[in-house]
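Read the figures in this text as sums done on the coordinates, not as results from a lab. For clarity, every value in this text was computed on a predicted model and none was experimentally measured. Ideal geometry is used to build each Cβ from the backbone, glycine not excepted, and the neighbour counts take in all protein chains shown.
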Amino acid sequence: MSFLGFARKKPALDLSYSVINEDHTHLIQLAAELRCTALKGVGDTPTAQAEKQAQVEDLVYRLIADSIEHFSREEVLMQAYNYPGYRLHRQEHEQLSRKATAYYNDLTEGRIAITEDLANFYRRWLHDHIRSHDKDLERFLFGRRS
Ligand SMILES: [Fe+2]
Ligand SMILES: [Fe+2]
């Protein structure tokens, strides 16, 4: 799949809250950038390999940090409006954060090699999560407004 194909956000993932929506677009693009970098052939020299390793580690770090920031934005909204699905939704966020952080630790401590697996997993997770949990939250918030 091309970078654009991987990064394209389906219309079904669009939500009405623009800040949340922009976060989703950004995270999907970061996952696409991570996949591209992970798959990039850079040659066998130790310098090129070290540069690629550093780039991948940086992208995984940013993906995790920006996801955590995004999750807390959603969680503040949920708490402010007493969202009944708050605990379950937060659990989903926490599980992803834990899994991605464990991956980051394995990567930076040399226990695993670079592959596109995390990017693929992240993209799937984002699509599934936005379509279900985030859509439910949107319906709840907009239901209250009308
Ligand atoms: Fe969410
Ligand atoms: Fe979200």
request  = Could you check which residue among Asp44, Asp106, Asp128 shows the biggest mean-square fluctuation in a GNM of the chain with a 10 Å Cα cutoff?
outcome  = Asp44
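Net charge near Arg90: determine it from the other residues with C-beta under 10 Å of the C-beta of Arg90, scoring Lys and Arg +1 and Asp and Glu -1.
Net local charge, Arg90 excluded: -3.
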query = Helix 86-108 versus the longest principal axis of the chain: what is the Cα-based angle in degrees, 0 to 90, to the nearest 10?
reply = 10
query = Do the sum for the chain: with -39,500 (n - 2.57) for every DSSP H run of n ≥ 4, divided by all residues, what is the mean residue ellipticity at 222 nm, to the nearest 500 deg cm²/dmol?
reply = -25500 deg cm²/dmol
Contact order relative to length of the chain, as percent, for alpha carbon pairs under 8 angstrom and 6 or more apart = 33
request  = Report P(r) for the range 42-146: all Cα-Cα distances, bin width 10 Å, range 0 to the bin holding the largest distance, values in whole percent.
outcome  = 13, 40, 25, 15, 7, 2, 0
ask   = Using alpha carbons only, how many degrees (0 to 90, rounded to 10) separate the axis of helix 117-129 from the longest principal axis of the chain?
value = 10
inquiry  = If the only charges are +1 at each Lys and Arg Cβ and -1 at each Asp and Glu Cβ, what is the size of the charge dipole of the chain around the Cα centre, to the nearest 20 debye?
reply    = 560
